[in-house]
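A.B. asks: Let me begin by handing over the structure; questions about it come next.
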Amino acid sequence: MVNWIWLLLIVISIVFAAATGKVEAVTEAAFDGAKTGVTVSFGLISILVFWLGMMRIGEDAGLLAKLARLLGPLVRFLFPDVPRNHPAMGYIMTNMSANILGLGNAATPMGIKAMQELQKLNPDKDTATPAMCTLLALNTSSITLIPTTLIAIRMNFGSAHPAEIVGTTLIATAIATVAAILADRWFRRRVPPHQLAINNTSASNRSGAAGGSKEVNSGV
Amino acid sequence: MYEFVSMLSIWAIPMMIVFIPLYAAFHKVPVYESFVDGAKGGFDTAIQIIPHLVGMMVAISMFRASGAMELMVQAIRPLFDILGIPSEVLPLGALRPLTGAGSLAYTTELIKTYGPDSMIGRIASTIQGSTDTTLYVLTVYFGAIGIRKTRYALKVGLFSDLVGFAAAIAICLLIFA
């Protein structure tokens, strides 16, 4: 999927440039884009070094575990079919806490651990269980307290108030998460498990096509 | 509403910066050593982004310079004008669920062109920060355990992306008006 988007953008650009006589401008834009990519990445160093340092303090102080405990009731409500003492619960709570704190590097391994534990409860190893879908929904909308990358980019381009988007982002992400939870609940009730094998071949094909794409997780 | 959101924006970071080390010191953590230890990873993370961001920035800069982006934006402009939404942000809505580096590159391009403190810059930042890349998360999480039938997971992810996109625009128009 990502391969196709990338290729399409480049091919369309060249064809379009040839048609409108902007070939030189497009060539220049290619190199200019590469330069911006490097400049922005370097601009991220300061914020990422600082923020990952702060987050390690939080981790060492047990904030992750503390937050995970606070999320307990919510997680039990969201995952009614996972036994309370199952190890999956712990991983789910840690995954959610890491997402909230913006610890992308910790969130993904914990999420995968949670998936592996949920897979043990799965009678049909090929097909996602409702609990897996819920965990995925939470991760795609991922509540984040501080969008560090965006703050760094805004700083790079001379924003007067780089952090002014913290509030708007927090509200938007909360709304997206609530929407994900509601949609997940709705599908969970609507689709009985035995019909799924027929209904969802198309969805699995689409995700299969994306397999192997190594993308930077935007959580960084 | 505006007061509350700007208070949140101003105080969120300083509160965390003071709360985390204080809480840690209270729990007998050597705060400075912890900080340095964790901070080491920041450099590698930033460097690892370079190939992704360069690749995507090249494609998107070319797409803009060729005039193809403008044509795409013009096509949907009438509809967005009625709602008072800058149509430049629409391609971001399409890119966001599909590619994290691509949407980050487009956000960067918008911020570079229109300025970080323009309405377009603010909306783009909010959209980029508020959801994760659905396709990436789906591939990694289900790929790791060999799930092939993903049921309704993709639909839920895309629906929440759409809601997040609309919410980000609405909130920015409301707050930064």
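Throughout, read-outs are computed from the coordinates displayed, never taken from laboratory work. Small disclaimer: the values here were computed from a predicted structure and weren't measured. Neighbour counts run over all protein chains shown; Cβ positions are idealised from the backbone, glycine included.
A.B. asks: Could you tell me the ratio Rg/Rh of the stretch B:35-145? Both radii from Cα atoms, Rh via Kirkwood.
C.D. replies: 1.04
A.B. asks: Let me ask something else about it. Any chance you could give the angle, 0 to 90 degrees and rounded to 10, that helix A:130-141 forms with the longest Cα principal axis of chain A?
C.D. replies: 30
A.B. asks: Next question. What ³J(HN,Hα) values, in whole Hz, does the Karplus curve 6.51 cos²θ - 1.76 cosθ + 1.60 give for the stretch A:107-115 when θ = phi - 60°, with x put for Gly and Pro?
C.D. replies: Values per residue, Gly and Pro as x: 5, 5, x, 5, x, 5, 4, 4, 4 Hz.
A.B. asks: Please give the FRET efficiency for B:K40 paired with B:I17, using the beta carbon to beta carbon distance and R0 = 22 Å, rounded to the nearest 0.05.
C.D. replies: 0.70
A.B. asks: I need the peptides B:47-53, A:157-163, B:87-93 ranked by packing, meaning the mean over residues of other C-beta atoms within 10 angstrom, with the highest value on top.
C.D. replies: Output ranking for B:47-53, A:157-163, B:87-93: B:87-93, B:47-53, A:157-163.
A.B. asks: Oh, and also: Efficiency by 1/(1 + (r/R0)^6): what FRET value for A:L7 and A:S46, r their Cβ-Cβ distance, R0 = 41 Å, to the nearest 0.05?
C.D. replies: So, using R0 = 41 Å, E works out to roughly 0.75.
A.B. asks: Here's something else I'd like to know. Quick check: pseudo-label points 7 Å beyond the Cα along Cα→Cβ at A:D126 and A:T39, how many nm apart are they?
C.D. replies: The answer from the label model is 5.2 nm.
A.B. asks: Just checking the output field for A:20-33: average partner chain Cβ neighbours within 10 Å of each residue's Cβ?
C.D. replies: The shielding value for this peptide is 5.
A.B. asks: Here's something else I'd like to know. With a 10 Å cut-off between alpha carbons and a GNM built on chain A, which of A:S142, A:S13, A:S41 moves the most?
C.D. replies: Comparing A:S142, A:S13, A:S41 in the GNM, the peak value goes to A:S13.
A.B. asks: On average, how many beta carbons from a partner chain sit within 10 Å of the beta carbon of a residue in A:118-131?
C.D. replies: Across A:118-131, the average partner-chain Cβ count within 10 Å equals 3.
A.B. asks: Tell me, what is the percent relative contact order of the stretch B:63-113, built from C-alpha pairs under 8 Å that lie six or more residues apart?
C.D. replies: The value is 20 percent.
A.B. asks: Another question, if that's okay. Testing the spin-label approximation: label points 7 Å from Cα along Cα→Cβ at B:I10 and B:E70. State their distance in nm.
C.D. replies: 4.1
A.B. asks: Something else about it: Provide a whole-number value for the mean count of partner chain Cβ atoms within 10 Å of the Cβ atoms in peptide B:91-101.
C.D. replies: Taking all residues of B:91-101 together, the mean is 3.
A.B. asks: Roughly how many whole Å is it from the C-alpha centroid of the stretch A:1-41 to that of the stretch B:130-158?
C.D. replies: 29
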